[in-house]
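Participant: One structure follows; several queries about it will come next.
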Amino acid sequence: MNRNEFLKSGLILGGATLLPTSSVFSQNLSENKIDLLVDQDGNFSLMALPYSESFLEPFMDAETLHLHYAFHHGGAVKGANKDLQMIKKAMDENNLETVDYWTKKLSYHLSSHVLHTIFWTNLTNKPTNPSGDLLKRIEKDFGSYDKLKMYLAKTSKDVDGNGWGILGYQPYTDKLTILQCENHEKLTQWGVIPLLVIDVWEHAYYLKFKNKRNDFVDNLFRIINWDNASQRLETALKLTR
Ligand code: MN3
């Protein structure tokens, strides 16, 4: 699909959107083994972590990672499956009384599933730096890698309540962009494909960092897997040009 076909097709790839298993997007991601959000039956599923729960020690402790992955991310997967079932039930019974409630829930749970899936692969246990096309685009769109880091860190630290800082690719403008996402689904720009996501929900850091979210974010910048972000940019560009 070239860029024009992509834009005409109206395929929206924002975090709040259901990705059908047959879409070019999810097919490409799963062929490249980046993300797998659904199982063979089309139900949402929790893919295995790309490493052991102690892999990110001491930057992220195993207990935090375990609770975060198994219960917070896992809970979102269960929630998204239930939301879909409840929407189907409402449709089958021609009773649309509660369908808006479950639709909002699906936006919340599925967006959580998408962002957490990306988050795990965005981390590694050693410092890396952006390179190649990603670095060139960072320099073009933000001035320098240091400026991007400052901007993304500040945006992540200053989220009101729970949420995410996100570096994404916006195909409509062919630029990198930063989002300050509240909860999992609010304050997106339609179309943005996330490349790097920073979880600043309290569950991501409270055991080890207590109330010091800023320290958590600064610490996280030491274990970002920029190669994964590069791979995500490559995929996004292939799909949208
Ligand atoms: Mn989380």
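The values are calculated or read from the model by the stated rules, or taken from the named source; none is laboratory data. Quick caveat, the model's predicted, so the values are computed rather than measured. Note: ideal-geometry Cβ built from the backbone for every residue, glycine included; neighbour counts use all protein chains shown. Accessible surface areas use protein heavy atoms only, side chains included; no ligands, DNA or RNA. Shrake-Rupley method; radii C 1.70, N 1.55, O 1.52, S 1.80 Å.
Participant: Can you give me the Cα centroid spacing of the range 80-137 and the range 159-173 in angstrom?
Facilitator: Using only Cα atoms, the two centres lie 14 Å from each other.
Participant: Which helices pass in the chain if a helix is a full DSSP H run, must span at least 30 angstrom along its long axis by Cα, and must have mean Kyte-Doolittle hydropathy not below -0.5?
Facilitator: Values: long enough: 99-121 (33 Å, -0.12).
Helices meeting the criterion: 99-121.
Participant: Let me ask something else about it. Return the subset of K136/K157; K104/K157; K126/K157; K78/K208; K88/K157 for which the Cα-Cα distance in this structure is over 29 Å, preserving the input order. Please report the intermediate quantities before stating the final value.
Facilitator: Numbers: K136/K157 25 Å; K104/K157 26 Å; K126/K157 22 Å; K78/K208 27 Å; K88/K157 38 Å.
Too far apart for the 29 Å limit: K88/K157.
Participant: Give me the accessible area per residue for the range 38-85, probe 1.4 Å, as a whole number in Å². Show your work: numbers first, answer last.
Facilitator: On the way: 2510 Å² over 48 residues.
Computed with neighbouring chains in place, this is 52 Å² per residue.
Participant: So, one more: Provide Rg over Rh for the chain; use the alpha carbon set for both Rg and the Kirkwood Rh (inverse mean inverse pair distance). The partial results should precede the final answer.
Facilitator: Numbers: Rg = 17.7 Å, Rh = 18.5 Å.
Radius of gyration relative to Kirkwood radius: 0.96.
Participant: Another question about this same structure. Using +1 on the beta carbon of Lys and Arg, -1 on that of Asp and Glu, and nothing else charged, what's the dipole of the chain about the Cα centre, debye to 20? Let's see the in-between values first.
Facilitator: Details: 27 positive and 29 negative charges, 119 e Å.
Magnitude of the dipole: close to 580 debye.
Participant: Using a probe of 1.4 angstrom, how much of the accessible area of the chain is carbon and sulfur, in percent? Show your work: numbers first, answer last.
Facilitator: On the way: 6210 of 11880 Å².
Ligands and nucleic acids excluded, carbon and sulfur reach 52 percent.
Participant: Over the range 140-241, average the accessible area per residue using a 1.4 Å probe and give it in Å², no decimals. Walk me through the numbers before you get to the answer.
Facilitator: Details: 4380 Å² over 102 residues.
Per-residue accessible area for the range 140-241 comes out at 43 Å².
Participant: If you average the sequence gap of Cα pairs under 8 Å that are 6 or more apart and divide by the length of the chain, what percent do you get for the contact order? Don't skip to the end; give the middle numbers.
Facilitator: Working: 361 pairs, mean separation 63.8, N = 241.
Over the chain, the number comes to 26 percent.
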